């Protein structure tokens, strides 16, 4: 009887993780070291994400759009490297809104600072949840491969 479950060495990617991007990270592991190298990269990312989200929360409170743009750009790049699709996409929006731009939504008109902050406030809880979901998937993957 065929099982719908993937083997323990492959996470159930769903729509949270780009399989080919994440597999490139896994290819960096040395055969004799198991998943030590890739797991360090992944878990370091999640530690950085917590700190970045704290910085974003603070920047929202201080209405520092440039800081929000920088933090969005930072997290977008590192999440893209790991293949965290939803986190990457949301962080790209934060990056753009931090510049009062809404071009990703095909709106060439600049946003007001108030609207940009509102958009960022609205997306932050979702991007944090998406990041937590990806972390659960990847922690389960690494725990299954210990």
Acute angle (nearest 10 degrees) that the helix 113-144 long axis makes with the longest principal axis of the chain, alpha-carbon atoms: 10
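Let me know the volume per residue of the alpha-carbon convex hull for the chain, in Å³. Before the final figure, lay out each step's value.
Working: hull volume 16.7 nm³, N = 146.
Hull volume normalised by residue count: 115 Å³.
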Extension gain, residue 136 back to residue 57 (0.36 nm per residue minus Cα-Cα distance, nm): 26.2 nm
Degrees, to the nearest 10: 85-97 long Cα axis against longest axis of the chain: 20
Angle in degrees between helix 36-61 and the longest Cα principal axis of the chain, rounded to the nearest 10: 20
Linear extension gain, residue 114 paired with residue 37, 0.36 nm per residue minus alpha-carbon span: 23.4 nm
The chain, helix-only ellipticity at 222 nm - DSSP H runs n ≥ 4, -39,500 (n - 2.57), divided by all residues, nearest 500: -23000 deg cm²/dmol
Net lengthening on full extension, residue 12/residue 48 (0.36 nm per residue, minus Cα-Cα): 10.6 nm
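Every number here is computed from the coordinates shown, using simple stated rules; none is lab data. Quantities reported herein were computed from a predicted structural model and do not represent experimental measurements.
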